[in-house]
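The values are calculated or read from the model by the stated rules, or taken from the named source; none is laboratory data. In this text, all values refer to a predicted model and were calculated from it rather than measured experimentally. Heads up, the Cβs are rebuilt from the backbone with ideal geometry, glycines too, and the neighbour counts pull from every protein chain shown. Ligands, DNA and RNA are stripped out before the accessible areas are found, and what is left, the full protein with its side chains, is counted by its heavy atoms. Shrake-Rupley method; radii C 1.70, N 1.55, O 1.52, S 1.80 Å.
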Amino acid sequence: MTKKLLMGNEAMAHAALEAGVRVVAGYPGTPSSEIVETVARLHAAGKAHDVHVEWSTNEKAALEVLFGASLAGARGLFTCKQMGLNVASDALMSLNYVSVRGGLVLVVADDPGPISSQTEQDTRRFAAFAKVPVLDPATPEQAYAMVKEAFDLSERFHTPVIVRPTTRVDHASAFFDVQDETFALPAPEAGFERDVSTWIIFPRRAYEAHGEINERLPQMAHAFSTEAAFAQFNEVITACGDTPTFGIMAGGISAAYTREALRMVHQRAEAAGVDMPPYRFMQVGTPYPFPADAVAAFADGLGDVLVIEELDYVLEDALAAWAGRNRVSLTVHGKLTDEARDRGENDVDDIASRIERFLGLSGRIRLRLRESSEGESEQAGSPAPAVSPETLPVRPPVLCPGCPHRGAFYAVKQALRKTPAVMCGDIGCYTLGNAKPLEAIDTCLCMGAGITMAQGLSIVDPGKKAIAYVGDSTFFASGMTGLANAAYNGHDITVMVLDNATTAMTGSQPHPGTGITLMGDRNQPLSIEAVLTANGFTRVYHADPLDKDSSIVAVKAAVEFEGPSAVIFESPCIQLIKPKVPVVVNTEICTGCKKCITEIGCPAIAFDPSAQGMRSGDRGQAVIDAALCNGCDLCTQVCPFKAIVVPLSGSPAEGGQDA
Ligand code: SF4
Ligand code: SF4
């Protein structure tokens, strides 16, 4: 055994391997991506060599691959972010009825904030909707322990099991005892055995299966309260006296925050000389099915309970429903009573102040602390200076310097000029094309929706050219059905495929168009052009987005065609290539017109209002930040005066360069 610092996601990958997982599949999505990548890394290092690991084309494909493996008796691990479960939901809802054989664990990472998502949906709600148990870790250590327990739970009750970490659990690190990263081979699977009465979900079987699900849920709830393996996640602590009437319930990362907040409240009360009232604290680590027996022990004698959780009011609802059903007189405080944050992430300071209010301590602590600080100030002879928090400048996300998407957006705008158009974006780095000065994206919904939304817009608003942008990974994940729909129904849209040869936004994962798998195999890359033509697109053009003029020609040709057409912009993400020599501004030529800034918005180009030159006079001049510029050459084509140039070899200094 060695001690190793592991991120929550890495720890969950280790837990799955230690539990004998045989197949790991998912689709990249922050904050979950490192789980699959950790398994892939260990596989590549020969430490998990009998495990199959893959990025599937989308979440539904991943879950169905794993369900097949489960029917053959293997343990499988699925990973995605919260919205990925929407994509996989069709499979999940049905496979729960069919029931699993080899343990099937879904790690679905929620994103309170949200930090990198379109929604703040709560997977605990989804679990209840799908009637699938969900475990909700407060720390990386709990995430590790829960993944291990989840496999046993899955096989014991023949159910898929969801583990739902949130961003801070996924990305926080802790020390773990790991088995020198060598993992025993998974147990050999029994193989698939034909059983049409079980594995085929006819309506009659669905009716029976629904009953089986309804029977196993209370059994699991009981296990969550009474069996040490799960009860450890539903810990109850009584503090400051034996007969509390106040209770505090928390789940997920908020349970860790609440423990810390309670420590702060204790310290503040002690410093103020105020007695803490007795209270009871409970973490609910198994929110569905609700651990009723453990909750009964927690609620015994309580009159008021404050519920702290992120995203939805899941525990609050469950506690109120439990109290109503059991005729327990309990007032539940939380999001629905405006006593807890109703969106975004919680933090320790905010929870501490809410707990002080809930326990009736706020006024007393504040008063005592003010009295004592006034006393100290009088003794010291001067008031303590007020400390105001520093305010950080807001930095909106932008496309990277040299990002090829910038050239594609610019070419489309230049080709369209005054042609009325609506531009449907999609999920990926290129959503950032919405920002000034490009302003090239008008809508963004969910994976693949740009292509189909453009079709709806073309029907109802034919006076505007309907443009859809889609990245290469999203194209394969969710774009292809929309292509077939456009051709089949004859919709007049132009699809701009922004092919940067990777899944850039989530950390450069491969996809079917790259031809490289996570197992290190090289297969024939799927051709985007072939997929487009196979789906009925008869006009498909290619363009290099960093070549302005030819890109504009390609876009014009595609847009002029009435019917489904496409431009495939091909240029690799800057994370995949070596940067070229940074460009420079020729100070003799720059006029200070700012067109390089107002047209493409590359963050490597700034404006120095104090710079002077023959042509700019005292208007100021553009300057290139050589540390940011990757030499993509786009701005040299945009400057109308050819004032931005590639320096002669060995002379990267700014100014004096011949055009
Ligand atoms: S570099 Fe060119 S586009 Fe930029 S301010 Fe100077 S003249 Fe204008
Ligand atoms: S060449 Fe111009 S557009 Fe490209 S990264 Fe450098 S400054 Fe930006």
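Residue by residue, here is whether (1) within 34 Å of the chain's Cα centre (by Cα); (2) surrounded by fewer than 24 Cβ atoms within 10 Å (Cβ to Cβ); (3) assigned to a helix (DSSP H, G or I); (4) modelled with pLDDT under 95 holds:
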{"residue": "Ser225", "(1), (2), (3), (4)": "yes, yes, yes, no"}
{"residue": "Ala231", "(1), (2), (3), (4)": "yes, yes, yes, no"}
{"residue": "Arg259", "(1), (2), (3), (4)": "yes, yes, yes, no"}
{"residue": "Leu262", "(1), (2), (3), (4)": "yes, yes, yes, no"}
{"residue": "Glu270", "(1), (2), (3), (4)": "no, yes, yes, yes"}
{"residue": "Asp275", "(1), (2), (3), (4)": "no, yes, no, yes"}
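Every residue, every condition in (1) at pLDDT below 95; (2) in the same structural domain as Asp547 (by TED's automatic domain parsing); (3) within 23 Å of Asp544 (Cα to Cα); (4) within 13 Å of ligand 1 (Cβ to nearest atom), yes or no:
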position: Cys596; (1), (2), (3), (4): no, no, yes, yes
position: Gly617; (1), (2), (3), (4): yes, no, no, yes
position: Val623; (1), (2), (3), (4): no, no, no, yes
position: Leu628; (1), (2), (3), (4): no, no, yes, no
position: Asp633; (1), (2), (3), (4): no, no, yes, no
position: Pro640; (1), (2), (3), (4): no, no, yes, yes
Seminar exercise, completed: Matching residues in the stretch 624-637 (aliphatic (A, V, I, L, M), surrounded by fewer than 20 Cβ atoms within 10 Å (Cβ to Cβ) and in contact with a Cys (Cβ under 9 Å, 6 or more places away or on another chain)) number 1
Problem set entry | Filter pass, Thr503 being under 19 Å from Ser571 (Cβ atoms) and either surrounded by 18 or more Cβ atoms within 10 Å (Cβ to Cβ) or modelled with pLDDT of 95 or more (or both) | yes
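Out of all the residues in the stretch 312-330, is one or more acidic (Asp, Glu) and over 19 Å from Asp136 (Cβ atoms)? Walk me through it before giving the result.
Restricting attention to the stretch 312-330, the residues satisfying the condition of being acidic (Asp, Glu) are 312, 316-317.
Now narrow it down to the ones that are over 19 Å from Asp136 (Cβ atoms): none.
Within the stretch 312-330, not a single residue is acidic (Asp, Glu) and over 19 Å from Asp136 (Cβ atoms).
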Exercise. Name the residues in the stretch 153-196 that are open to solvent by 60 Å² or more (accessible area, probe 1.4 Å), under 30 Å from Tyr257 (Cβ atoms) and touching a strand residue (DSSP E or B) at 6+ places or on another chain (Cβ under 9 Å), would you?
Worked result: His171, Ser173, Phe175, Asp177
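State the number of residues belonging to the stretch 50-86 that are out of contact with any Cys (no Cβ under 6 Å at 6 or more places or on another chain) and free of Cβ contacts under 8 Å to residues at least 40 places away in the same chain. Lay out the reasoning, then the answer.
We begin by selecting, within the stretch 50-86, every residue out of contact with any Cys (no Cβ under 6 Å at 6 or more places or on another chain); these are 50-58, 60-86.
Cutting the leftovers down to free of Cβ contacts under 8 Å to residues at least 40 places away in the same chain gives us 56, 60-62, 64, 67-68, 70.
Adding up the residues that qualify gives 8.
Report, by residue number, each residue of the stretch 545-570 that is open to solvent by less than 30 Å² (accessible area, probe 1.4 Å), in contact with a strand residue (DSSP E or B) (Cβ under 8 Å, 6 or more places away or on another chain) and at negative phi.
Here is the first cut: in the stretch 545-570, the ones open to solvent by less than 30 Å² (accessible area, probe 1.4 Å) are 545, 551-552, 554-555, 558-559, 563-569.
Checking the rest, the ones that are also in contact with a strand residue (DSSP E or B) (Cβ under 8 Å, 6 or more places away or on another chain) come to 545, 551, 554-555, 558-559, 563-569.
Answer for the stretch 545-570, where residues must be open to solvent by less than 30 Å² (accessible area, probe 1.4 Å), in contact with a strand residue (DSSP E or B) (Cβ under 8 Å, 6 or more places away or on another chain) and at negative phi: Pro545, Ser551, Ala554, Val555, Ala558, Val559, Pro564, Ser565, Ala566, Val567, Ile568, Phe569.
Scanning for something acidic (Asp, Glu) and either more than 20 Å from the chain's Cα centre (by Cα) or not assigned by TED's automatic domain parsing to the domain that holds Ala16 (or both), does the stretch 53-65 turn up at least one residue? Walk me through it before giving the result.
Of the residues in the stretch 53-65, the ones acidic (Asp, Glu) are 54, 59, 64.
Now restrict to residues that are either more than 20 Å from the chain's Cα centre (by Cα) or not assigned by TED's automatic domain parsing to the domain that holds Ala16 (or both): 64.
Checking the stretch 53-65: at least one residue is acidic (Asp, Glu) and either more than 20 Å from the chain's Cα centre (by Cα) or not assigned by TED's automatic domain parsing to the domain that holds Ala16 (or both).
For every residue, the table says whether it meets (1) more than 20 Å from Glu345 (Cβ to Cβ); (2) open to solvent by 30 Å² or more (accessible area, probe 1.4 Å); (3) in a helix (DSSP H, G or I).
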{"residue": "Thr79", "(1), (2), (3)": "yes, no, no"}
{"residue": "Val87", "(1), (2), (3)": "yes, yes, yes"}
{"residue": "Met93", "(1), (2), (3)": "yes, yes, yes"}
{"residue": "Val105", "(1), (2), (3)": "yes, no, no"}
{"residue": "Ala109", "(1), (2), (3)": "no, no, no"}
{"residue": "Ile115", "(1), (2), (3)": "no, yes, no"}
{"residue": "Thr119", "(1), (2), (3)": "no, yes, no"}
{"residue": "Arg125", "(1), (2), (3)": "no, yes, yes"}
{"residue": "Phe129", "(1), (2), (3)": "yes, yes, yes"}
